[in-house]
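**Q** Pasting in a structure now, in structure tokens, and then I'll have a few things to ask.
The values are calculated or read from the model by the stated rules, or taken from the named source; none is laboratory data. Predicted model only: the values in this text are computed from it and were never measured. Cβ: placed from backbone, ideal geometry, glycine included. Neighbour counts: every protein chain shown. Protein only, heavy atoms only, side chains kept; ligands, DNA and RNA dropped before computing areas. Shrake-Rupley method; radii C 1.70, N 1.55, O 1.52, S 1.80 Å.
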Amino acid sequence: MLNLVLFGPPGAGKGTQSEYLIKKYNLIHLSTGDLLRSQIAAGTELGLQAKQLMDQGLLVPDEVVIGMIESKLQENKPVTASEDQGVGGFIFDGFPRTVPQAKALDELLGQHNTGITKMIALVVDSEELTRRLLLRGQTSGRPDDQDEELIRRRIREYNDKTAPVADYYNQQEKLAAIGGIGEIDGIFKEICHQIDGSDVQ
């Protein structure tokens, strides 16, 4: 299976690149935000737990999110040698955000005889990110894309919180830092080069 962690600050181009990757490698997109919303909408036990916490303004604990990821893994069995169609793997978006989450994800994937193949980190400098988000704010209507100080705070927070996770995957020799400035197709080609050179588990 090809299991990717897609990392990048707001405005780095994760959305565009994830769409390309999903199509090329037949991946399931696992966004923790989408998972939470779908589990809540379906009224599952995990969804009800999450809603109760969110209604109180509390963060959903790692074990609940991991439980949701596990249910998604169970739903989407990987391709086997005897199958013509199936899931090629997963692309994790917005998770893991901390080293304990990364360790929990490794443990879960290990139970399914697979693991993270590569962490793709899109690297874009703060000034370019700020420019992109302000530009996006002119059409997105999102208030957090229109306030420059808020944008810079979001970028700082991302850098502070995610650096240890990048180090964690770097120690496993799974980190691929890709420059996120340039033509979209060129960036995608570099990502594919990094992936295709990996040993897919």
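**Q** How much of the accessible area of the chain, probe 1.4 Å, is carbon plus sulfur, in whole percent?
**A** Values: 5470 of 11050 Å².
The value for the chain is 49 percent carbon and sulfur by accessible area.
**Q** Could you provide, to the nearest whole Å², the per residue accessible area of the chain with probe 1.4 Å? If you can, show how the numbers build up before the last one.
**A** Values: 11050 Å² over 201 residues.
Spelled out: the 1.4 Å probe surface of the chain, per residue, equals 55 Å².
**Q** Between R132, R97, R142, where does the largest GNM mean-square fluctuation fall for the chain, given springs only between Cα atoms within less than 10 Å?
**A** R142
**Q** While we're here: With a cut-off of at most 11 other beta carbons within 10 Å, and DSSP calling the residue loop, which GluC sites (Glu not before Pro) in region 50-154 qualify? Please list them.
**A** On the way: sites: E63, E70, E75, E83, E107, E127, E128, E148, E149; in loops: E83.
Within region 50-154, the qualifying GluC sites (Glu not before Pro) (loop, at most 11 other Cβ atoms within 10 Å) are E83.
**Q** Still on this structure: Quick one: compute the contact order of the chain, relative version, from alpha carbon pairs under 8 angstrom and 6+ residues apart, as a percent. Could you put the intermediate results ahead of the total?
**A** Numbers: 261 pairs, mean separation 61.5, N = 201.
Dividing the mean separation by the residue count of the chain yields 31 percent.
**Q** Only helical DSSP H runs with n ≥ 4 go in: add -39500 (n - 2.57) per run for the chain, normalise by residue count and round the 222 nm mean residue ellipticity to 500 deg cm²/dmol.
**A** On the way: 8 runs with 113 residues, N = 201.
Result for the chain: -18000 deg cm²/dmol, rounded to the nearest 500.
**Q** Treating cross-link reach as a plain straight distance, find the lysines whose alpha-carbon is under 20 Å from the alpha-carbon of K14, omitting any fewer than eight places away in the same chain.
**A** K23, K24, K118, K161, K174, K189
**Q** More than 16 Å apart: what percent of Cα pairs in region 55-171 qualify?
**A** Values: 4769 of 6786 pairs.
So the portion of pairs separated by more than 16 Å is 70 percent.
**Q** In addition: If you average 1/r over all unlike Cα pairs in the chain and invert the result, what Kirkwood radius do you get in angstrom? Show your work: numbers first, answer last.
**A** Numbers: mean 1/r = 0.0556 Å⁻¹.
Hydrodynamic radius (Kirkwood, Cα only) of the chain equals 18.0 Å.
**Q** Still on this structure: Place the peptides 183-196, 9-22, 164-177 in order of packing, highest mean first, counting for every residue the other Cβ atoms within 10 Å and averaging per peptide.
**A** Numbers: 183-196: 13.9, 9-22: 18.6, 164-177: 15.8.
Highest to lowest by the protection proxy: 9-22, 164-177, 183-196.
**Q** Let me understand region 13-80 better: what is its radius of gyration from the alpha carbons, and its Dmax, in angstrom?
**A** Considering region 13-80 through its Cα atoms, Rg and Dmax are 13.8, 43 Å.
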